[in-house]
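Chemist: Following this message is one structure expressed as structure tokens.
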Amino acid sequence: MSALHKLAAVKDGSEANWDDNHMRLFARMNDEEIEILQLPSPKYSAKRISTELCRIPVQKDHIMRSPWRLGICAMDDKALSKANQEIFRRLHVDGLIEVVLFGDKTLLSKRPEEWPICDFLIAFYSDGFPLEKVISYTKLRSPLCYNDLLMQGLLFDRRLCNRVLDHLGVRTPKRLEVNRDGGPRAHDWGLVQHVYDRMGLGIPGPREGEANHERSHPPRVSLSEDGNTLLVDGRTLHKPFVEKPVSAEDHNIYIYFPTTPQGAGGGRRLFRKVGNKCSEYDPDLIVPRCITEQGTTNSYVYEPLLNADNGEDVKAYAVGPQYCFAVTRKSPAVTGVVHRDASGKEVRLPTEVSKEEADTAAKISTGFGQSVCGFDIVRNKGKSYVIDVNGWTSVKNQPSFYGQCADILQQMLMSHVAKRIVKN
């Protein structure tokens with residue numbers, strides 16, 4: 001049982017207060033396992049956030065006030081994961097910063113008015129997370145949020161996410177969209193206005209009439225006679241290509257291979273890990289779903305399959321605009337087997353981050369308003385392409401990242417604490 005699970009098991013209410021006794025218990029359970037290296041990316045040193053405000057002289061009674069509260073607003077399975085524990089425990093500062101875990105019971109069963117009142121908030125989506133409810137809480141209490149909750153709404157639709165990446169100047173694979181659902185749209189006009197105010201990008205809003213018009217004129221989709229080329233409204237994409245559902249929550253991604261004298265064609269189905277499998281080859285996977293599913297509102301994004309250098313995908317993690325950390329893993333497009341070490345953990349090795357990749361991380365973190373944001377890269381022939389943005393993502397078995405991430409987040413927090421002390 002993890003330390004935070006143990007704390008949750010003995011806490012009195014639905015929120016976990018990380019008081020001094022709890023933190024001493026937590027530290028005792030985990031310190032032997034944790035190696036705090038705090039190393040930046042080899043090619044791109046972390047730029048420390050200015051902490052000049054933290055050095056200003058302040059009155060003792062300001063420091064001795066009730067601790068500033070940092071709320072962890074996430075589903076238990078994410079907030080209590082070992083990787084996130086390693087970060088959150090480092091944000092506690094005795095007598096100054098109190099870390100409060102909201103917990104599933106609070107998020108799902110109580111009204112936002114009953115939630116803990118916090119000065120700062122780390123909040124991020126996962127399955128079951130009541131995003132709209134949390135947005136209501138932030139409007140009610142006005143905590144300083146590490147993650148822009150409205151912008152997280154864009155991450156649900158791969159098409160909207162790609163439009164933001166294009167606007168930010170981030171390199172992505174070229175793509176074709178088959179839209180039978182009215183096209184990508186923000187769920188409300190508040191998000192449309194927020195995106196425009198934040199970055200000057202216009203995205204479609206929820207206009208039902210216009211959506212119906214698009215549905216009445218579905219895209220013309222076909223496959224070439226040899227079965228190797230997809231045609232969408234006159235545009236073409238040759239196999240091999242990747243087929244992604246527009247919902248970022250749908251991980252059933254297919255790859256279609258060409259039929260050639262050297263290859264039998266078929267395809268590969270990618271999915272979330274099941275045991276030691278993450279994909280499987282299917283010789284009968286020839287016709288894309290946008291053709292076999294005509295008559296539905298199912299929509300897809302198609303991209304050329306980029307051959308990953310060394311057969312490896314890159315999982316990258318931005319912490320503000322200052323720091324980018326990345327690991328490699330065997331690409332599921334190459335093999336369906338999850339590579340594990342002697343202890344059964346998936347093999348993910350830290351990799352150097354180029355200046356371009358670090359700049360991309362800064363653009364993504366700043367553009368989407370996420371202090372911690374994971375994204376996926378394919379390196380192909382010396383260029384890096386962003387193929388997905390995931391929001392807050394845990395980094396497993398990487399002590400150097402935990403220390404550096406917590407250090408940056410704490411500097412952000414302390415800078416704002418200092419500003420508030422001065423203001424008061």
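The values are calculated or read from the model by the stated rules, or taken from the named source; none is laboratory data. What you are looking at is a predicted structure, and each value in this text was computed from that prediction instead of being measured. Don't worry about glycine lacking a Cβ; one is built from the backbone with ideal geometry, like all the others, and counts go over all protein chains shown. With ligands, DNA and RNA removed, areas are computed over all heavy atoms of the protein, side chains included. Shrake-Rupley method; radii C 1.70, N 1.55, O 1.52, S 1.80 Å.
Chemist: Determine the share of the stretch 309-395's accessible area contributed by carbon and sulfur atoms, expressed in whole percent, with a 1.4 angstrom probe.
Modeler: Accessible surface attributable to carbon and sulfur in the stretch 309-395 totals 51 percent.
Chemist: Along the Cα→Cβ direction, 7 angstrom out, place labels at Lys277 and Ser247. What is the inter-label distance in nm?
Modeler: The modelled label-to-label distance comes out at 2.3 nm.
Chemist: Please state the charge dipole magnitude for the stretch 125-178, taken about the Cα centre, from unit charges on C-beta atoms (+1 on K and R, -1 on D and E), reported in debye and rounded to the nearest 20.
Modeler: 140
Chemist: Cα centroids of the stretch 139-187 and the stretch 397-424: how far apart, whole angstrom?
Modeler: Spelled out, the Cα-based centre of one part sits 27 Å from the other.
Chemist: Cα-Cα pairs above 20 Å in the stretch 309-395: how many percent? Can you show the working numbers first?
Modeler: Details: 1215 of 3741 pairs.
Roughly 32 percent, rounded to a whole number.
Chemist: Mind giving me the FRET efficiency for Asp284 and Leu131? R0 is 45 Å, r the Cβ-Cβ distance, nearest 0.05 is fine.
Modeler: That pair, Asp284 with Leu131, gives E of 0.70.
Chemist: Sorted by mean Cβ packing within 10 Å, highest first, what order do the peptides 77-88, 192-203 take?
Modeler: Peptide ranking by packing, descending: 77-88, 192-203.
Chemist: Please calculate how many Å² of accessible area the stretch 309-395 carries per residue, with a 1.4 Å probe and no DNA, RNA or ligand atoms counted.
Modeler: Heavy-atom SASA per residue in the stretch 309-395 reads 37 Å².
Chemist: Kindly report, to the nearest 10 Å², the accessible surface of Leu231 as traced by a 1.4 Å probe over protein heavy atoms only.
Modeler: Approximately 50 Å² of Leu231 is accessible to the 1.4 Å probe.
Chemist: Something else: Farthest toward the dipole's positive end in the stretch 302-387, which of Gly382, Ser331, Ala308, given Cβ charges of +1 (Lys, Arg) and -1 (Asp, Glu) about the Cα centre?
Modeler: Ser331
Chemist: What order do you get for 136-142, 297-303 when each peptide is scored by the mean count of other beta carbon atoms within 10 Å, highest first? Don't skip to the answer; put the middle values down first.
Modeler: Numbers: 136-142: 15.7, 297-303: 20.1.
My ranking of the peptides, most packed first, is 297-303, 136-142.
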